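No value in this document is a laboratory result; all are computed from the given coordinates. This is a predicted model, so every value here is computed, not measured. In this analysis, Cβ positions are derived from the backbone assuming ideal geometry, glycine residues included, and neighbour counts consider all displayed protein chains.
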Amino acid sequence: MCPQCGAPVDFRSAASAFAVCGYCRSQVLRDGEALRRIGQSAELMADGSALRLGASGVLDGLAFTLVGRRQLRTADSVWSEWHAWFDGGAQGRPRSGWLSEDNGRHVFSFDAPLQGPVPEAQTLKVGQPLRLDGRTWTVASRVVARLAAAEGELPAQPRQSGGFVVADLRSTAGEVGTLEYAGTGRDPSWSVGRAVALADLSMRGLDDAAGAVGLAGRSLACPSCGQPLTLALQTTRSVVCGQCRAVVDVSTLGPDAAASAQGLEHFAQQAGTVEPAIALGSVGRLAVPRSGRPGAAPAAALPWQVVGYVERCTLPADGDDEQYFWREYLLFNRIEGFAFLVDSDEGWSLVRPLTGVPTPAGSGLQLDGVAYRFGSRYESRITQVLGEFYWVLRAGERTRHTDYLGSGLAMRRRLNREETGAPGGDAEVTWSAGETLDARAVQQAFGVPGVATGGGLRLDTGTRNIELSQIRLSPNVTVSPLVLFALLAVVIVVLARCSSSERCDDVRQAFGADSAEARQCERSGGGAPRSGGGSFGGYSGGGGHK
């Protein structure tokens with residue numbers, strides 16, 4: 001019985017030492033046969049997850065039940081980690097695990113003993129290789145988190161106050177290793193996990209309405225213009241006002257949104273001149289690889305809704321006055337999570353973040369037996385955003401990218417490394433994998449007539465590239481000789497570049513003679529097709545199970 005209100009507090013797991021009363025939210029510690037109240041848990045933030053207490057599933061043939069949850073918060077995000085209890089059944093042994101959020105996906109991990117020397121928290125640098133527990137890892141993120149709230153049963157009493165360091169490591173085997181340090185920055189706990197799809201876990205008891213509506217029923221006004229903000233997803237951390245286009249950080253909203261909406265951080269953005277080719281809210285059926293790796297067995301074609309739109313541009317390097325723009329559509333499916341549909345000068349790509357990291361191979365990389373060669377390295381910034389995002393958008397934030405291109409028969413495949421934050425400091429690295437799509441597949445999926453790729457010929461205006469394929473002249477328009485001369489000069493340049501097209505035979509063979517990739521190869525003089533600043537995944541919000 002709860003020491004505070006007398007309600008029953010049932011421990012489903014013999015390993016659980018801590019629980020939160022479902023009636024008065026008292027924190028209860030099990031001490032032998034006695035229950036002792038040690039505090040009060042804050043209200044959980046609605047996160048739109050389909051998971052809930054009591055939901056059950058099967059992992060590797062073993063049944064589990066979700067018996068508890070802890071919700072963690074950093075300066076930029078909130079995420080949940082669900083305590084899964086495996087009772088072992090007739091032949092197994094009882095065991096605890098964690099089903100956690102990771103870049104809009106899910107990871108199943110288990111606590112493990114840590115062998116060998118352990119680095120101190122302050123020595124970890126994002127991007128560095130690390131030998132730990134007999135394996136080689138790459139540090140993907142390092143954040144300071146704190147407990148926001150909890151419910152149900154947990155295997156140990158959570159840290160009640162103060163921040164603690166959480167570092168996520170990634171391996172070439174697709175694993176996620178998590179170091180969680182106490183206040184001293186030494187002797188961390190250690191867990192190892194891998195990506196899972198809820199659809200593969202035979203889950204039962206999910207919340208069928210989760211994710212469909214976010215802050216419904218709560219009054220939330222734009223802090224810039226006062227217009228109502230309507231959120232479609234409870235996972236949203238940033239939302240764009242439909243009236244004034246202000247970008248609003250809603251990551252700090254509590255259960256009482258009306259009271260906590262005052263003083264929300266926000267920043268203004270200029271209205272973009274290019275509207276999304278696919279309208280926000282559109283739903284299309286696509287088969288997206290569950291592993292996030294091109295060529296992996298895809299799920300059946302499922303409905304994906306466009307919930308966010310980002311336009312980015314490259315930041316020209318020294319001596320380079322050409323600038324590329326590309327567009328990313330954030331897609332959401334209640335069970336599968338998030339994916340990205342990218343429209344760059346190479347055409348359309350379907351992208352998901354990776355759980356692990358690729359393997360270095362000479363000057364390139366290797367992933368799932370496919371060799372990737374270096375494509376380009378560049379910086380970018382966001383120029384326009386619309387809709388909702390599961391990460392916090394920062395005004396003027398820059399992202400560093402490195403693109404890799406698939407070789408041989410895998411020329412449609414792409415890898416992208418993204419890094420945000422201060423280089424060598426508290427940065428964050430995310431790997432994404434994608435594969436190009438035919439524009440007709442996008443048309444069929446979203447029912448949008450005339451969707452074109454971004455691969456048209458471009459003129460650099462100094463601020464925004466213009467595709468000649470979008471220029472239309474009215475029959476009544478009189479064109480001056482100067483304009484005709486300029487257009488003729490462009491045609492001459494294109495014809496000159498096409499003289500090198502014999503060096504693009506392999507590209508045309510792989511993608512087709514009229515593909516955007518073939519046109520890009522010809523424009524680049526027969527060299528490797530540049531990604532054009534096409535970020536294959538966008539800023540995914542980083543690691544840390546966020």
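Legend: calculated FRET efficiency, Asp207 to Arg377, from the Cβ-Cβ distance at R0 = 35 Å, rounded to 0.05, equals 0.25. Stretching the chain fully between Ala112 and Ala279 yields a gain of 55.5 nm (0.36 nm per residue, less the alpha carbon separation). How would the range 376-448 be classified by its alpha-carbon gyration tensor: rounded, prolate or oblate, with rounded meaning a/c under 1.5 and the a/b versus b/c comparison settling the rest? Cα axes put the range 376-448 in the oblate bin.
Computed extension gain for Arg146 through Gln444, at 0.36 nm per residue and net of the alpha carbon distance, reaches 102.8 nm. As a calculated quantity, the FRET efficiency between Arg52 and Ser407 at R0 = 35 Å, using C-beta atoms, amounts to about 0.20. Here the range 272-446 is assigned +1 on the Cβ of each Lys and Arg and -1 on the Cβ of each Asp and Glu. Its dipole about the Cα centre then comes out at about 680 debye. Amide H contacts of Glu265 (H built 1.01 Å from N, in plane; Pro and chain starts excluded): Asp249 sit under 5 Å, all sequence-distant by 5 or more or on other chains. Ranked by the mean number of other Cβ atoms within 10 Å per residue, highest first, peptides 276-283, 323-330, 360-367 order as 323-330, 276-283, 360-367.
Once the piece of chain linking Arg394 and Ala221 is laid out straight, how much longer is it, given 0.36 nm per residue of separation minus the C-alpha distance between them? Before the final figure, lay out the partial values.
Working: separation 173, 0.36 × 173 = 62.28 nm, distance 1.99 nm.
Here the answer is 60.3 nm.
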